[in-house]
Amino acid sequence: MSHRGKTIKNRTENQMTLERPMITRHYLMTWDLDRCVGCQMGPTACPKDALTHLDGEIVKGRMVTPPSVDVDPDACVMCGICVEICPVHAITMTINDQPENPVLKYGAFPEVRGDTSFNKDAFDFSLKDFVINNCPTNIISYDAEKDTMAIRYEDCIRCRQCEVASDGAFQVTQAWQGKVELHRERCVEGCVACADVCPTRALHLNDEGELVLADYYCIKCGSCMHACPIQPEFEEVPFTFESQGQTLTRSHQKLVNGDRLAIKVERWRVHHTPVQSAAWIEALRKLADDKASAVEIDRKRALKRRDLIVALKGHILPEKTWDKD
């Protein structure tokens with residue numbers, strides 16, 4: 001029986017795929033479920049509500065089954081919005097076996113951009129193993145032949161741990177600007193599920209086993225909020241915008257219990273390539289909070305913050321000057 005034109009879904013413990021074979025176009029989307037952190041950015045931005053967040057399982061305060069995502073093959077139109085918006089690069093897409101994202105190719109969505117750069121001349125190579133060991137996605141290595149650090153930039157999640165570990169030789173601009181708050185007094189006693197799902201060391205356990213926040217490493221994915229037993233609550237709020245001479249009305253979910261959450265993430269602005277389209281404006285409004293503008297933590301100050309250094313594996317930098325604050 002021919003499956004031409006029909007979307008075929010396959011799911012294993014570690015991977016989920018959607019495949020749509022057609023006469024001239026063969027679409028394939030792949031979700032790396034080991035990399036997925038259950039952040040809900042994909043389900044939130046999906047214009048067809050094809051993606052569904054799957055809760056993880058918490059036992060005695062630890063996340064034993066990580067949160068994930070599921071997809072409805074009949075609803076998904078393979079637009080590629082979730083591929084571009086995923087903060088940990090857990091989704092890939094090919095057409096005829098070549099990487100291609102339809103919403104980027106046809107200008108309906110921007111590239112959501114961060115940036116990572118490396119200044120070899122400013123780097124103390126005695127720190128190379130320290131930097132490599134503190135990359136949570138294992139994309140940094142040492143190129144002995146060229147005597148430099150090699151980075152797989154396309155897989156970088158812009159966590160900024162290399163920046164602090166290298167004492168500024170790496171510089172990182174995150175895609176999303178925003179804010180994260182931890183209120184430990186509101187936490188469920190003994191629960192550290194948010195640290196279990198955090199893809200960076202923004203939330204982690206210190207040497208005393210206490211939950212702490214290193215805010216500079218937060219990539220604003222929001223997975224911690226949805227892992228927390230104190231769940232965010234939302235209400236549907238309409239919004240209108242202009243697109244191609246038309247006034248469109250959509251709705252987005254507005255957080256209503258932020259003052260009761262143990263962990264709260266806000267996304268204010270995003271770095272992206274220029275584009276004006278209804279799909280982008282709608283997705284941005286659903287993902288971003290009601291903030292007109294904000295200033296991120298100053299990079300120079302971040303490199304001297306003791307809590308950020310201590311959050312790193314090994315957390316010893318030679319002759320490091322820490323703030324006394």
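Just wondering, is there one or more residues in the stretch 240-250 that are in a loop (DSSP other than H, G, I, E, B) and without any contact (Cβ under 8 Å) to a residue 40 or more places away in the chain?
yes
If we scan the stretch 33-51, do we find a residue that is of a type in the set (Val, Ile, Thr), in a strand (DSSP E or B) and under 20 Å from residue 81 (Cα atoms)?
So far as the stretch 33-51 goes, no, none of its residues is of a type in the set (Val, Ile, Thr), in a strand (DSSP E or B) and under 20 Å from residue 81 (Cα atoms).
Take the conditions in contact (Cβ under 8 Å) with a residue 12 or more places away in the chain, buried (at least 22 other Cβ atoms within 10 Å of the Cβ) and small (Gly, Ala, Ser) and apply them to residue 175. Does it pass?
Judged against the criteria, residue 175 is not a match.
I'd like the full set of residues that are part of a loop (DSSP other than H, G, I, E, B) and at negative phi, limited to the stretch 91-118.
100, 101, 106, 108, 109, 110, 111, 113, 114
What strands (runs of 3 or more DSSP E) completely inside the stretch 123-212 contain at least 2 residues that are within 30 Å of residue 260 (Cβ to Cβ)?
Answer list for the stretch 123-212: 176-182, 203-205.
Take the conditions loosely packed, with under 15 Cβ neighbours inside 10 Å, of a type in the set (Asp, Glu) and within 21 Å of residue 43 (Cβ to Cβ) and apply them to residue 242. Does it pass?
Considered against the rule, which asks whether it is loosely packed, with under 15 Cβ neighbours inside 10 Å, of a type in the set (Asp, Glu) and within 21 Å of residue 43 (Cβ to Cβ), residue 242 comes out as no.
Tell me which of these residue 21 doesn't satisfy, since it passes every other one: (1) surrounded by 19 or more Cβ atoms within 10 Å (Cβ to Cβ); (2) modelled with pLDDT under 95; (3) not β-branched (Val, Ile, Thr).
All conditions pass for residue 21, except number (1).
What is the number of the single condition among (1) crowded, with 18+ Cβ neighbours inside 10 Å; (2) within 28 Å of residue 170 (Cα to Cα) that residue 269 does not meet?
Here residue 269 clears every test but (1).
Sort through 69, 88, 77 and tell me the only one that's closer than 20 Å to residue 13 by Cβ, of a type in the set (A, V, I, L, M) and in a loop (DSSP other than H, G, I, E, B).
Checking each option against the conditions leaves just 88.
Only one of 260, 186 is surrounded by fewer than 20 Cβ atoms within 10 Å (Cβ to Cβ), within 24 Å of residue 286 (Cβ to Cβ) and basic (Lys, Arg). Can you tell me which?
Answer to the selection: 260.
Please count how many residues of the stretch 103-147 are within 22 Å of residue 29 (Cβ to Cβ) and without any contact (Cβ under 8 Å) to a residue 12 or more places away in the chain.
The number of residues fulfilling the criteria is 2.
Residue 210 fails exactly one of the following numbered conditions: (1) farther than 22 Å from residue 289 by Cβ; (2) buried (at least 21 other Cβ atoms within 10 Å of the Cβ). What is the number of that condition?
The one condition residue 210 does not meet is (2).
Here are some residues: 101, 10. Which one is more than 30 Å from residue 135 (Cβ to Cβ) and either at pLDDT 95 or above or of a type in the set (Lys, Arg) (or both)?
Step by step, each of 101, 10 is checked, and only 10 is more than 30 Å from residue 135 (Cβ to Cβ) and either at pLDDT 95 or above or of a type in the set (Lys, Arg) (or both).
For the stretch 148-172, which residues satisfy the criterion of being crowded, with 20+ Cβ neighbours inside 10 Å, without any contact (Cβ under 8 Å) to a residue 60 or more places away in the chain and of a type in the set (Gly, Ala, Ser)?
166, 169
The values are calculated or read from the model by the stated rules, or taken from the named source; none is laboratory data. As the structure is a computational prediction, the values presented were derived from the model and not from experiment. Cβ: placed from backbone, ideal geometry, glycine included. Neighbour counts: every protein chain shown.
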